[in-house]
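Worksheet: one structure, shown below.
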Ligand SMILES: [Zn+2]
């Protein structure tokens, strides 16, 4: 028979820590399979649910309405808007149908209130501002649908910005419309997400935004040299303005090793690197679950406590883990919210 963990065991410390902190994951791609289950996909699904959040003691997560990049035409933009709107409606529906397990949160007060009730907090975001087309009023449309963070691009250039994964440069970073959108997001109180943006677009967004930006799911370029990972210059720029680098839980970002060999060690290497370069106040977790995320030991949201355990074993203090797991995101959300209120 299995013995109950003792009062000073690692398991007990992990549980106690999760009682007192707010844990937040800043990126998943659950929405697409929820709204369009028939669409074929190449990545593993089923890594995200309110049940798994409860099991893994994950208090809150940003659920992204994702659109892949298509042509920047009127028809392309209309299609992207249809996809984004459908996914956001599906996410709202999911919380209504699972009210006992969780709800949508629009600010940090609501995240804390849901935690107190033992319910998961769903935060809404958009991955790829393609759905805005060239229509600035759509920023407020999405804010009203509950969106509190927008990623400028996905893998292709759009009307706002160049993408890290595109083979050509269209705007030299941000377009004039991209700057306009960032202003509007600042005014409304939305986080500017620079993951997927080109290096120039990222650095320009850091400068342009009146509030700190977030890279919601990225890795360290110096540890894995791919365009999607952040260079030291980007990490330092984001952090120096108070922003966050949210390390993704995916082999794609973390290592060139075979999938079955990529686990917590590689995740910790990236976290440690950002902590050393930028400080504990500027690091967090953005899983990319249901969008390619998952490593050995953290295969889905139900395994998030394994990260807490690994951080304790690595020597991080309770206070540092509290910041990394969600304290930093709460701070950023409050800053973005306070700036919007000043209008
Ligand atoms: Zn992504």
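The values are calculated or read from the model by the stated rules, or taken from the named source; none is laboratory data. Please read these numbers as outputs of a predicted model, since none were measured by experiment. Cβ placement follows ideal geometry from the backbone for every residue including glycine, while neighbour counts extend to all protein chains displayed.
Quick notes on this structure:
- Members of the range 304-321 found to be more than 17 Å from the chain's Cα centre (by Cα), touching a residue at least 60 places away in the same chain (Cβ under 8 Å) and buried (at least 19 other Cβ atoms within 10 Å of the Cβ), listed by number: 305, 308, 321
- Top-ranked residue of the range 124-146 - restricted to ones that are under 16 Å from residue 337 (Cβ atoms) and within 16 Å of the ligand (Cβ to nearest atom), ranked as nearest to the chain's Cα centre (by Cα): 125
- Residue 167 being at pLDDT below 95 and in a loop (DSSP other than H, G, I, E, B): yes
- Single unsatisfied condition, residue 275 versus (1) in contact with a strand residue (DSSP E or B) (Cβ under 6 Å, 6 or more places away or on another chain); (2) surrounded by 22 or more Cβ atoms within 10 Å (Cβ to Cβ); (3) over 21 Å from residue 30 (Cα atoms): (2)
- Boolean, residue 6 is closer than 21 Å to residue 312 by Cβ and at pLDDT below 95: yes
Let's see how each residue does on (1) more than 15 Å from the ligand (Cβ to nearest atom); (2) touching a strand residue (DSSP E or B) at 6+ places or on another chain (Cβ under 9 Å); (3) without any contact (Cβ under 8 Å) to a residue 60 or more places away in the chain:
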{"residue": "158", "(1), (2), (3)": "no, no, no"}
{"residue": "165", "(1), (2), (3)": "no, no, no"}
{"residue": "178", "(1), (2), (3)": "yes, yes, yes"}
{"residue": "187", "(1), (2), (3)": "yes, no, no"}
{"residue": "206", "(1), (2), (3)": "yes, yes, yes"}
{"residue": "211", "(1), (2), (3)": "yes, yes, no"}
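- Cβ-Cβ contacts under 8 Å between residues 6 or more apart (or on different chains), taken from a first residue in the range 121-146 that is over 29 Å from residue 54 (Cβ atoms) to a second residue that is in a helix (DSSP H, G or I) and within 16 Å of the ligand (Cβ to nearest atom), are listed as 128/80; 130/80; 131/80; 131/83; 131/84; 133/80; 138/131.
- Selection count, the range 24-69, where residues are within 13 Å of the ligand (Cβ to nearest atom), buried (at least 19 other Cβ atoms within 10 Å of the Cβ) and part of a loop (DSSP other than H, G, I, E, B): 3
- Selection count where residues are out of contact with any strand residue (DSSP E or B) (no Cβ under 8 Å at 6 or more places or on another chain) and either without any contact (Cβ under 8 Å) to a residue 24 or more places away in the chain or within 16 Å of the ligand (Cβ to nearest atom) (or both), scope the range 213-233: 4
- Enumeration of residues in the range 255-291 that are away from the ligand (no atom under 16 Å from the Cβ), outside any helix (DSSP H, G or I) and within 16 Å of residue 311 (Cα to Cα): 263, 279, 283
- For the range 189-201, residues that are away from the ligand (no atom under 16 Å from the Cβ) and assigned to a loop (DSSP other than H, G, I, E, B) total 2.
- Any pair with Cβ under 8 angstrom, 6 or more apart, that starts in the range 12-33 at a residue that is in contact (Cβ under 8 Å) with a residue 40 or more places away in the chain and ends at one that is within 16 Å of the ligand (Cβ to nearest atom) and assigned to a helix (DSSP H, G or I): 31/87; 32/87
- Yes/no for residue 78 being in contact (Cβ under 8 Å) with a residue 24 or more places away in the chain and either away from the ligand (no atom under 16 Å from the Cβ) or within 17 Å of residue 337 (Cα to Cα) (or both): yes
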